[in-house]
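Note sheet for the following structure.
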Amino acid sequence: MLTDRDRTLLKPYVAMLRLARNELAAAQRAFDQAERDLAESSSGTDWRDRMLGGLFSADDSRTQRFRQARGGHRAAEKALVAAQARHAKYASQVDELLEPILAGNDPGFRSRRTAVLACDKALKACEDLLASARGSEAKPKDKDAAAFAKTLRDDFLKDLKTRGPAVKRLVERAASAVGEATGEPVGPVALEFDVRLNSRLNATIADLKKWRARADEVRAGALQQAHDEL
């Protein structure tokens with residue numbers, strides 16, 4: 001729920017967003033019309049009109065219509081892309097202002113926002129650990145390379161003793177934030193650092209991405225609802 005003070009703070013940004021929204025709608029209508037015009041003009045053309053720009057065409061007026069429609073379509077597409085970029089810019093600005101306001105007023109939104117951040121932290125930790133694990137798995141071709149590979153692996157396993165528990169705690173925190181840490185821990189929550197490390201990390205990363213997507217969907221829905229109230 002937004003207060004009058006919140007609305008006053010957001011008013012100039014919302015005005016820019018509404019203008020960008022109207023421009024986007026107009027650009028979309030113009031592009032849709034340009035699509036129809038191009039399709040209509042193309043129906044009476046042959047390959048010489050489309051591939052050669054009308055060179056050697058038997059009907060110059062037909063070629064002119066096609067060229068104009070094609071030029072109009074390109075211009076409308078360019079205008080639509082620019083309008084989409086402006087709208088995304090102002091929508092992002094409003095979101096950046098709305099998020100802390102909603103987090104302060106709505107416990108449900110705050111919990112989803114916390115869940116997204118927890119998943120982001122756990123994802124980064126797991127992806128960094130996976131990259132380190134892969135980097136330590138050099139495939140030796142001779143004795144010297146084998147000795148170097150063993151050194152890499154030993155160094156990684158030493159580092160893992162410190163990093164492993166921290167990564168596990170981040171995963172468990174993310175699971176708890178999205179309501180997945182119930183019952184007997186299985187899969188990614190019971191993260192074990194052994195010879196199956198890579199497969200476990202890949203499974204964990206996949207689950208974290210799913211959890212984050214669900215939490216972010218709720219967060220985005222709340223933001224959209226707040227947008228509709230502005």
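Odds and ends about this structure:
- Residues in the range 212-230 that are within 14 Å of the chain's Cα centre (by Cα) and of a type outside the set (Lys, Arg) were compared, and the one that is surrounded by the most Cβ atoms within 10 Å (Cβ to Cβ) is Ala215.
- Residue, modelled with the highest pLDDT, within the range 172-197, restricted to residues that are in contact with a Lys or Arg (Cβ under 9 Å, 6 or more places away or on another chain) and not hydrophobic (A, V, I, L, M, F, W, C): Arg173
- Residue satisfying all of: in the range 133-171; of a type in the set (Gly, Ala, Ser) and either under 22 Å from Leu208 (Cβ atoms) or under 38 Å from the mean Cα position of the chain (by Cα) (or both); modelled with the lowest pLDDT among these: Ala138
- Scope the range 63-120; condition of a type in the set (Asp, Glu) and farther than 28 Å from Pro12 by Cβ; matching residues: Glu77, Asp120
- Criterion: at pLDDT 95 or above and either under 31 Å from the mean Cα position of the chain (by Cα) or of a type in the set (A, V, I, L, M, F, W, C) (or both) - qualifying residue of Ala58, Ala30: Ala30
- Tabulated pairs, the range 111-122, first in contact (Cβ under 8 Å) with a residue 40 or more places away in the chain, second among the acidic types (Asp, Glu) and assigned to a helix (DSSP H, G or I), C-beta under 7 angstrom, 6+ apart or interchain: Arg113/Glu99; Val116/Asp216
- Pairs with Cβ under 6 Å, 6+ apart, first in the range 149-175 and in the same structural domain as Thr204 (by TED's automatic domain parsing) and touching a residue at least 40 places away in the same chain (Cβ under 8 Å), second outside any helix (DSSP H, G or I) and not β-branched (Val, Ile, Thr): Val171/Pro188; Val171/Leu191
The values are calculated or read from the model by the stated rules, or taken from the named source; none is laboratory data. All values reported here derive from a predicted model rather than from experimental measurement. Glycine also receives a Cβ, built like all others from the backbone with ideal geometry; neighbour counts cover every protein chain displayed.
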